[in-house]
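Notes follow once the structure below has been shown.
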Amino acid sequence: MLATPSMAAQCAGSPAAGVDWQECNKKNVELQSSDLQNANLYSSDFSQTDFSGSNLSGANLEKATMVRTWFEGSTASKTNFSRVEAYRSNFGKISAEGASFVSAELQRANFAGAQLKNVDFEKAELGRTDFSQATIANASFAYANLSRAIFNGTVVEGPMAFDGAFMFLTRIEGLDLSAATGLQQQQIDLACGDADTKLPAGLKASSNWPCSSD
């Protein structure tokens, strides 16, 4: 569908709280430290765009394309990232309390040092995603693909749900999973832990631990 003049003008607007950039092309744009609270960014293309230090709280980015996009140090409380395509994007040190990443494509994304409380990653693709040094509480990874995801140094401040999650070579060395829910022994046997990994009652360390370097 061709863009109408009104749509083109809408997409050319400056960043502002509540802006409507639905289905806009915003690839490779410098948007650092922008105020985009409650913005409508549905199904827009933000590939290689820089949102570092921006406020995206309450924004709707559902189905947005965000390949190699930067969100480092941004605030994204209750932001909707459901069904985004965000391969290799940088969410390092983002504060994303209450955000939704349901069914998001996040392979090789970086969440190092992020604040991830009450965040929903249900059915997300998180292969090789880096959660090193992140703080996580009351987060759901139910039915997510966590193959080779990295949780080294992650601080767990509340339960994490892993019902049906695929955990092939997931790096959980030193991770406190004692309050985790939904974990099964088969998942633990696929993952990579060590003597410092804490597991829920009834589960035991795998005989394959520790894993070799990947």
### Query
Within the range 157-171, which residues are closer than 24 Å to Ser213 by Cα and surrounded by fewer than 20 Cβ atoms within 10 Å (Cβ to Cβ)?
Phe166, Phe168, Leu169
### Query
Within the set of pairs 6+ apart or on separate chains, which have a first residue in the range 67-78 that is at positive phi and buried (at least 18 other Cβ atoms within 10 Å of the Cβ), a second that is at pLDDT 95 or above and not aromatic (Phe, Trp, Tyr), and C-beta atoms under 9 Å apart?
Gly73/Ser52; Gly73/Gly53; Gly73/Ser54; Gly73/Gly92; Gly73/Lys93; Gly73/Ile94; Gly73/Ser95
### Query
Mind checking which residues of the range 117-130 are in a loop (DSSP other than H, G, I, E, B) and more than 9 Å from the chain's Cα centre (by Cα)?
Asn118, Glu122, Lys123, Gly127, Arg128
### Task
Being in a loop (DSSP other than H, G, I, E, B) and open to solvent by 20 Å² or more (accessible area, probe 1.4 Å) is the filter here, so list the residues in the range 142-151 that pass it.
Tyr143, Ser147, Arg148
### Message
Conditions first: (1) open to solvent by 40 Å² or more (accessible area, probe 1.4 Å); (2) in contact with a strand residue (DSSP E or B) (Cβ under 6 Å, 6 or more places away or on another chain); (3) farther than 17 Å from Pro15 by Cα. Tyr87 passes all but one, so which condition is the exception?
### Response
(2)
### Query
Could you say whether any residue in the range 58-70 is part of a strand (DSSP E or B), under 21 Å from Ala149 (Cβ atoms) and touching a strand residue (DSSP E or B) at 6+ places or on another chain (Cβ under 7 Å)?
yes
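Residues checked against (1) hydroxyl-bearing (Ser, Thr, Tyr); (2) part of a helix (DSSP H, G or I); (3) closer than 19 Å to Ala109 by Cβ:
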site	(1), (2), (3)
Gly153	no, no, yes
Gly158	no, no, no
Asp163	no, no, no
Gln186	no, yes, no
Asp194	no, no, no
Leu203	no, no, no
Ser206	yes, no, no
Pro210	no, no, no
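Listed here are the residues, each with its yes/no results for (1) more than 23 Å from the chain's Cα centre (by Cα); (2) more than 17 Å from Phe91 (Cα to Cα); (3) modelled with pLDDT of 95 or more; (4) surrounded by fewer than 19 Cβ atoms within 10 Å (Cβ to Cβ).
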position: Thr4; (1), (2), (3), (4): yes, yes, no, yes
position: Cys24; (1), (2), (3), (4): no, yes, yes, no
position: Leu36; (1), (2), (3), (4): no, no, yes, no
position: Ser47; (1), (2), (3), (4): no, no, yes, no
position: Gly53; (1), (2), (3), (4): no, no, yes, yes
position: Leu56; (1), (2), (3), (4): no, no, yes, no
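Working only within the range 180-204, note down all residues that are of a type in the set (A, V, I, L, M) and open to solvent by 60 Å² or more (accessible area, probe 1.4 Å). Break it down into steps so the answer makes sense when it comes.
At the first step, the residues of the range 180-204 found to be of a type in the set (A, V, I, L, M) are 180, 183, 188, 190-191, 195, 199, 201, 203.
Correct list: Leu190, Ala195, Ala201.
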## Note on the structure
Going through the range 104-141 in order, the residues found to be open to solvent by 10 Å² or more (accessible area, probe 1.4 Å), closer than 15 Å to Pro159 by Cβ and free of Cβ contacts under 8 Å to residues at least 24 places away in the same chain are Asn118, Asp120, Glu122, Thr135, Asn138, Ser140
### Task
List every residue pair whose Cβ atoms lie under 8 Å apart, where the two residues are 6 or more positions apart in sequence or sit on different chains, the first residue falls within the range 38-54 and is without any contact (Cβ under 8 Å) to a residue 12 or more places away in the chain, and the second residue, located anywhere, is surrounded by 24 or more Cβ atoms within 10 Å (Cβ to Cβ).
none
### Query
Given the structure, is Glu97 open to solvent by 10 Å² or more (accessible area, probe 1.4 Å), outside any strand (DSSP E or B), in contact with a Cys (Cβ under 7 Å, 6 or more places away or on another chain) and modelled with pLDDT of 95 or more?
no
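The values are calculated or read from the model by the stated rules, or taken from the named source; none is laboratory data. Treat the numbers as computed from the prediction; the structure is a model and nothing was measured. Please note: Cβ atoms are built from the backbone with ideal geometry, for glycine as well, and neighbour counts cover all protein chains shown. What goes into the accessible areas is simple: the full protein's heavy atoms, side chains included, and nothing from ligands, DNA or RNA. Shrake-Rupley method; radii C 1.70, N 1.55, O 1.52, S 1.80 Å.
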